[in-house]
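Participant: I'd like to ask some things about the structure below.
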Amino acid sequence: MWAGASFAQHRTPAIKGTVVTDTSKPSGKQLQEVTVNGAKTNKFLRPSSTTVAKLPLDRLENPQVYSSIPKELIQDQVIVTYSDILKNIPGVGLQLQNNSNAPGGTVSTRGFSGGAYLRNGMPGMTAGILDPVSIETLEAIKGPSGTLFGSSLASFGGLYNRVTKRPVENFQGFAGYTGGSFGLSRFTADINAPLNEDKTLLLRVTGAKHYEGSFQDAGFQSYTYVAPSLTCKASENLTFHLEGEYITGRYNSFYRLFPDGSNTTGVHSPGQLNLDFHRRFIGDDVYYNAGTGNFYIQADYKLSGAWRSQTNFSYSGTSNDGPTTYMNLLPGNQRLTRNTTLTEYNKSAMTDLQQNFTGDLRTGSLRHRVLIGVDYYHTEGRSSSVTIVFDTLNTPNAGTAYTKLTRTALYAAFANIPFTKTSTSQDTYSAYAQEVSSIIDGLDALAGVRVDRLENKGTFNLSTRATSGKYSQTAFSPRFGLVYQPLKSKVSLFANYMNGFQNLAPSAPQPDGTVLNYKPQKANQAEGGIKLSLLNGRLASTVSYYTIEVENIVRADPGRAGYNIQDGTQQSRGIEADLTYNPINGLNIIAGYAHNDSKLTKTAPPDGRIKACQCGAGRHGQWMDKLSCW
C-alpha cells in the first residue's frame with residue numbers, strides 16, 4: 001500500500017527573446033526571436049554526469065561504462081530499501097544485506113565484492129543502512145576506478161555513488177506513506193524552500209521513519225533518517241553547498257548462516273538443507289543499535305572563463321553496540337552452533353579533504369578538458385568486543401533450545417569474559433590528473449594517472465599495549481580511454497583501460513619467523529563497446545565486453561607448508577548490456593543483461609591444477625599450472 005501527497009509553487013517563466021528593429025522599413029516592424037525547448041520524454045535517462053569522471057562529460061563522451069538509476073524510477077517502483085535499487089543495475093548481485101562493514105550491504109560487481117562508499121563523489125560512511133529518500137541518482141561506476149577514487153572506496157568490479165537531492169529555487173514538497181507485508185510501515189517527506197527573496201539561500205530537507213519485520217518468525221529493522229541540505233549563492237562566481245545526514249536505529253536483521261558444503265553431504269543449494277527457513281534461531285530481543293552522522297561542505301568557485309575550483313570537505317562518524325549472531329552448520333548439516341559477538345562499542349570516524357581544478361581549454365582546433373586534484377583521507381576507529389559460541393542445537397528438532405538464546409542469557413554468558421579493546425588509524429595522501437582531448441570532431445582521447453600514499457598506523461591493543469599491522473605503501477594507477485562518435489550525440493564506439501589497486505597489510509609471522517611486506521594488489525581492465533542515444537533521447541543503450549586481470553594475490557605456497565607467497569592471479573570476463581526505451585509517452589521499457597565468468601587462475605592447490613608427471617627431474621609431485629612431460 002502506498003499513499004502520498006505533493007505540493008509545489010512555481011512562477012510561470014517569462015519567454016525571453018531578442019528584439020530586433022528593422023530600420024530599413026518605415027513601419028519599424030519588430031521581429032522577435034523565441035527559443036522553445038521540448039519537454040524531456042525519457043525521464044529515466046541521465047544523459048551526463050559530473051562525478052563519474054570528475055568532469056562534466058556526456059554519457060557518450062565517457063569511455064567508462066556506468067549505470068544511472070534516477071529518483072523517478074525509484075519513485076515509480078515504490079522502492080523502500082537501497083538493495084532494491086540495485087536490482088535495476090545489470091551484473092550486480094546482493095551478497096550481504098545491511099552489512100555494517102559495507103554501507104547498504106555487500107554487493108558483487110563483475111566478480112568482485114564492494115559497497116556503496118561514495119556520496120556526491122566524496123566518502124560517505126554509514127553503519128549499514130542507506131535510505132533511498134535522499135537519492136537523486138544512484139551511479140554504478142563499472143570496473144577498476146583507482147585513478148580517480150583510490151583504493152579505500154572502490155572494488156575491482158566498480159563502485160557506487162549516491163548523488164543526493166539538492167535545493168531548487170521553487171517552493172515544493174512531498175509527503176508519503178508506504179505500508180506492506182511483514183509489518184512494513186514507512187513515512188517519507190521531501191520539503192524544499194527558498195529562504196530569501198532573491199533565492200540565493202535555498203533549503204531542502206528529506207527524511208524517513210521506517211519499520212519492517214521479516215518473513216521469518218523474528219527479525220526487524222527500525223530507524224529514523226533525516227538529511228538537510230543548504231545552498232548559498234555567495235556571489236555570481238561562488239556557491240556553497242552544505243549537507244548533513246543523520247540516521248539512528250535498532251536492528252535484528254543481519255542474519256548469516258554458513259552450511260557444510262562438502263561433497264559428502266550431497267547438498268548443493270539452500271533448498272537441499274533440512275531447515276525450516278521460516279525459523280530464525282535468533283529472537284527479536286537480540287538486537288544491536290547503530291547510528292551515523294555525516295557532514296559535507298562543497299565550495300564551487302569560477303576562477304575564469306576556462307577554469308573552475310571545487311573544494312570538498314566531508315566528515316562521517318558511525319557507532320554501533322549490542323549483540324549480533326552468526327551460525328555454522330556442523331558436518332552433516334544436522335546441528336548448528338550459534339556464535340555471538342557482543343560489541344560494547346564500535347566507533348569510527350572519517351575525514352576527507354579534496355581540492356579539484358577543472359579547465360575547458362582550446363589550443364587551435366583542439367579542445368582540452370582537464371582535471372587536477374589532490375586528496376587527503378583519514379580514518380580512525382575504536383572498538384571493544386568479544387565473541388563466544390553460545391550453544392549447539394539440533395536443526396530439524398531444536399525443541400526448547402530454540403528459544404534459549406535471549407538477550408538476558410547472552411549478557412549473562414559474557415559476564416566474566418574480557419573484551420578485546422583496539423584502536424586503528426590510517427592516512428592516505430593522493431594526487432591525480434586527467435585530460436580529455438578532442439583530437440578531431442567526434443574523436444576524444446582520455447588519459448589519467450594517480451599516485452597514492454597510504455600510512456596505516458596499525459591496530460593498537462589497549463590491554464597488551466602492542467601495535468600490529470603497521471605499514472606504508474605507495475601505488476600508481478593509470479587509465480586511458482578512446483571514444484569515437486560516427487554519428488555525433490547518437491552513436492559512440494569506446495574502448496578503455498582501467499586500473500585499480502588494493503593495499504595489503506604485512507603477513508603474519510611465517511613458520512621461520514619472517515614477515516612479508518606485500519605489494520598492493522593490482523587490477524587491469526580492458527573493455528570495449530558501443531553506446532547509443534537515438535530517437536531524440538527516447539532510446540539509450542550500452543553494450544560492452546570486458547576482461548579484468550588481477551595480480552599480486554596472496555596464496556599458500558605450494559612448495560612449503562604454512563608459508564604464503566604473493567604471486568596469485570584472478571581473471572574476470574564478461575558482457576553487459578542495458579536498454580532504456582520510451583517508445584510512447586507513458587510507456588517506459590528498462591532491460592539489462594550481464595554474464596560474468598570469474599576464476600582464480602593461480603591459487604593454492606587443490607584448485608583444478610594437476611600434479612606434474614613423475615618423470616621430470618626436480619618436478620616430482622609438484623603442483624603445475626598445466627601438464628608438462630618430457
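The values are calculated or read from the model by the stated rules, or taken from the named source; none is laboratory data. The shown structure was predicted, so the numbers you read here are calculated from the model rather than taken from an experiment. Cβ sites come from the backbone with ideal geometry, for glycine too, and all protein chains shown count toward neighbours.
Participant: Tell me which of these N596 doesn't satisfy, since it passes every other one: (1) at pLDDT below 90; (2) surrounded by 15 or more Cβ atoms within 10 Å (Cβ to Cβ).
Facilitator: (1)
Participant: Quick check on the range 256-313: of everything there that is in contact with a strand residue (DSSP E or B) (Cβ under 8 Å, 6 or more places away or on another chain) and among the hydroxyl-bearing types (S, T, Y), which residue is nearest to S348 (Cα to Cα)?
Facilitator: The extreme case among them is T292.
Participant: D375 - would you say it is in contact with a Pro (Cβ under 8 Å, 6 or more places away or on another chain), closer than 27 Å to G291 by Cα and not hydrophobic (A, V, I, L, M, F, W, C)?
Facilitator: Details: in contact with a Pro (Cβ under 8 Å, 6 or more places away or on another chain): no; closer than 27 Å to G291 by Cα: yes; not hydrophobic (A, V, I, L, M, F, W, C): yes.
It is false that D375 is in contact with a Pro (Cβ under 8 Å, 6 or more places away or on another chain), closer than 27 Å to G291 by Cα and not hydrophobic (A, V, I, L, M, F, W, C).
Participant: So for the range 547-560 (the condition being on the phi < 0 side of the Ramachandran plot, assigned to a strand (DSSP E or B), out of contact with any Pro (no Cβ under 9 Å at 6 or more places or on another chain) and of a type in the set (S, T, Y)), does at least one residue qualify?
Facilitator: Within the range 547-560, one or more residues are on the phi < 0 side of the Ramachandran plot, assigned to a strand (DSSP E or B), out of contact with any Pro (no Cβ under 9 Å at 6 or more places or on another chain) and of a type in the set (S, T, Y).
Participant: From the list R362, R382, exactly one residue is in contact (Cβ under 8 Å) with a residue 12 or more places away in the chain and in a strand (DSSP E or B). Which is it? Break it down stepwise before answering.
Facilitator: Numbers: R362 fails: in contact (Cβ under 8 Å) with a residue 12 or more places away in the chain.
The match here is R382.
Participant: Taking the range 340-379 as the search range and keeping residues that are more than 21 Å from S430 (Cβ to Cβ) and small (G, A, S), which one is surrounded by the fewest Cβ atoms within 10 Å (Cβ to Cβ)?
Facilitator: Step one: list which residues in the range 340-379 are more than 21 Å from S430 (Cβ to Cβ), which gives 340-347, 360-368.
Filter again for small (G, A, S), leaving 364-365.
Details: G364: 5, S365: 9.
My answer is G364.
Participant: Okay, moving on. Any chance you could count how many residues in the range 564-583 are more than 28 Å from K522 (Cβ to Cβ) and surrounded by fewer than 16 Cβ atoms within 10 Å (Cβ to Cβ)?
Facilitator: 1
Participant: Still on this structure: If you scan the range 262-274, which residues turn out to be surrounded by 12 or more Cβ atoms within 10 Å (Cβ to Cβ) and either among the charged types (D, E, K, R) or free of Cβ contacts under 8 Å to residues at least 24 places away in the same chain (or both)?
Facilitator: The answer is Q272, and nothing else.
Participant: The conditions are (1) surrounded by 17 or more Cβ atoms within 10 Å (Cβ to Cβ); (2) over 17 Å from N552 (Cα atoms), and Q473 fails exactly one of them. Which is it?
Facilitator: Single failed check for Q473: (2).
Every residue, every condition in (1) buried (at least 17 other Cβ atoms within 10 Å of the Cβ); (2) of a type outside the set (F, W, Y); (3) within 23 Å of L303 (Cα to Cα), yes or no:
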residue: N196; (1), (2), (3): no, yes, no
residue: V205; (1), (2), (3): yes, yes, no
residue: H210; (1), (2), (3): yes, yes, no
residue: S214; (1), (2), (3): yes, yes, no
residue: P228; (1), (2), (3): yes, yes, no
residue: H241; (1), (2), (3): yes, yes, yes
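Yes/no per residue for (1) in contact with a His (Cβ under 9 Å, 6 or more places away or on another chain); (2) in a strand (DSSP E or B); (3) more than 24 Å from R59 (Cβ to Cβ):
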| position | (1), (2), (3) |
| --- | --- |
| G562 | no, no, yes |
| Q570 | no, yes, yes |
| I575 | yes, yes, no |
| Y581 | no, yes, no |
| I590 | no, yes, no |
| H595 | no, yes, no |
| S598 | no, yes, yes |
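Participant: Just one of the numbered conditions (1) of a type outside the set (K, R); (2) more than 24 Å from D391 (Cβ to Cβ); (3) surrounded by fewer than 19 Cβ atoms within 10 Å (Cβ to Cβ) is not true of N294; which one?
Facilitator: All conditions pass for N294, except number (3).
Participant: While we're on this one: Among the numbered conditions (1) in a strand (DSSP E or B); (2) among the hydrophobic types (A, V, I, L, M, F, W, C); (3) at pLDDT below 90, tell me where C613 comes up short.
Facilitator: The one condition C613 does not meet is (1).
Participant: Restricting the search to the range 214-252, which residues are of a type in the set (S, T, N, Q), touching a residue at least 24 places away in the same chain (Cβ under 8 Å) and not in a strand (DSSP E or B)?
Facilitator: Those that are of a type in the set (S, T, N, Q), touching a residue at least 24 places away in the same chain (Cβ under 8 Å) and not in a strand (DSSP E or B): S214, Q216, N237, N252.
Participant: Another question, if that's okay. Residue check: is R382 on the phi < 0 side of the Ramachandran plot, surrounded by 16 or more Cβ atoms within 10 Å (Cβ to Cβ), basic (K, R) and assigned by TED's automatic domain parsing to the domain that holds L57? First the steps, then the outcome.
Facilitator: On the way: on the phi < 0 side of the Ramachandran plot: yes; surrounded by 16 or more Cβ atoms within 10 Å (Cβ to Cβ): yes; basic (K, R): yes; assigned by TED's automatic domain parsing to the domain that holds L57: yes.
The answer is yes for R382.
Participant: A further question follows. Being surrounded by 14 or more Cβ atoms within 10 Å (Cβ to Cβ), in the same structural domain as K142 (by TED's automatic domain parsing) and in a loop (DSSP other than H, G, I, E, B): is that true of Y518 here?
Facilitator: On the way: surrounded by 14 or more Cβ atoms within 10 Å (Cβ to Cβ): yes; in the same structural domain as K142 (by TED's automatic domain parsing): yes; in a loop (DSSP other than H, G, I, E, B): yes.
Yes: the conditions hold for Y518.
Participant: Are there any strands (runs of 3 or more DSSP E) wholly within the range 120-186 with 2 or more residues that are under 13 Å from the mean Cα position of the chain (by Cα) and touching a residue at least 12 places away in the same chain (Cβ under 8 Å), and if so which? Break it down into steps so the answer makes sense when it comes.
Facilitator: On the way: elements: 135-142, 158-164, 171-179.
Those strands (runs of 3 or more DSSP E) span 135-142, 158-164.
Participant: So for the range 490-507 (the condition being in a loop (DSSP other than H, G, I, E, B), surrounded by fewer than 21 Cβ atoms within 10 Å (Cβ to Cβ) and at pLDDT 95 or above), does at least one residue qualify?
Facilitator: Taking every residue of the range 490-507 in turn, at least one turns out to be in a loop (DSSP other than H, G, I, E, B), surrounded by fewer than 21 Cβ atoms within 10 Å (Cβ to Cβ) and at pLDDT 95 or above.
Participant: Let me ask you something else. Given the conditions (1) part of a strand (DSSP E or B); (2) among the hydroxyl-bearing types (S, T, Y); (3) within 20 Å of D567 (Cβ to Cβ), which single one is not true for S533?
Facilitator: Every listed condition holds for S533 apart from (3).
Residues are listed down the side, and each one gets a yes or a no for (1) among the polar types (S, T, N, Q); (2) crowded, with 16+ Cβ neighbours inside 10 Å; (3) touching a helix residue (DSSP H, G or I) at 6+ places or on another chain (Cβ under 6 Å):
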site: D391; (1), (2), (3): no, no, no
site: T395; (1), (2), (3): yes, yes, no
site: K404; (1), (2), (3): no, no, no
site: T408; (1), (2), (3): yes, no, no
site: A412; (1), (2), (3): no, no, no
site: K421; (1), (2), (3): no, yes, no
site: Y429; (1), (2), (3): no, no, no
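Participant: Among A234, A208, which is the only one that is at pLDDT 95 or above and over 24 Å from N252 (Cβ atoms)?
Facilitator: The unique qualifying residue is A234.
Participant: Return the pairs, sorted by first residue and then second, in which the second residue is surrounded by 16 or more Cβ atoms within 10 Å (Cβ to Cβ) and hydrophobic (A, V, I, L, M, F, W, C), the first residue lies in the range 187-198 and is within 20 Å of T81 (Cα to Cα) and assigned by TED's automatic domain parsing to the domain that holds K233, the beta carbons are less than 6 Å apart, and the residues are 6+ apart or on different chains.
Facilitator: Between residues of the range 187-198 that are within 20 Å of T81 (Cα to Cα) and assigned by TED's automatic domain parsing to the domain that holds K233 and residues that are surrounded by 16 or more Cβ atoms within 10 Å (Cβ to Cβ) and hydrophobic (A, V, I, L, M, F, W, C), the close pairs are T188/V133; T188/A208; D190/F174.
Participant: Take the residues in the range 405-457 that are under 25 Å from V483 (Cβ atoms) and either outside the structural domain of P56 (by TED's automatic domain parsing) or not in a strand (DSSP E or B) (or both); name whichever of them is modelled with the lowest pLDDT. Show your work before the answer.
Facilitator: As a first pass, look at the range 405-457 and keep what is under 25 Å from V483 (Cβ atoms): 432-450.
Keeping just the survivors that are either outside the structural domain of P56 (by TED's automatic domain parsing) or not in a strand (DSSP E or B) (or both) gives 441-442.
Working: D441: 88, G442: 91.
Per the stated criteria, the residue is D441.
Matching residues to (1) touching a Ser or Thr at 6+ places or on another chain (Cβ under 8 Å); (2) outside any strand (DSSP E or B); (3) in contact (Cβ under 8 Å) with a residue 60 or more places away in the chain; (4) not hydroxyl-bearing (S, T, Y):
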{"position": "F254", "(1), (2), (3), (4)": "yes, yes, yes, yes"}
{"position": "D276", "(1), (2), (3), (4)": "no, yes, no, yes"}
{"position": "R279", "(1), (2), (3), (4)": "no, yes, yes, yes"}
{"position": "D284", "(1), (2), (3), (4)": "no, yes, yes, yes"}
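Participant: Give me a count of the residues in the range 162-188 that are in contact with a Gly (Cβ under 6 Å, 6 or more places away or on another chain) and on the phi < 0 side of the Ramachandran plot.
Facilitator: Going through the range 162-188 one residue at a time, the tally reaches 3.
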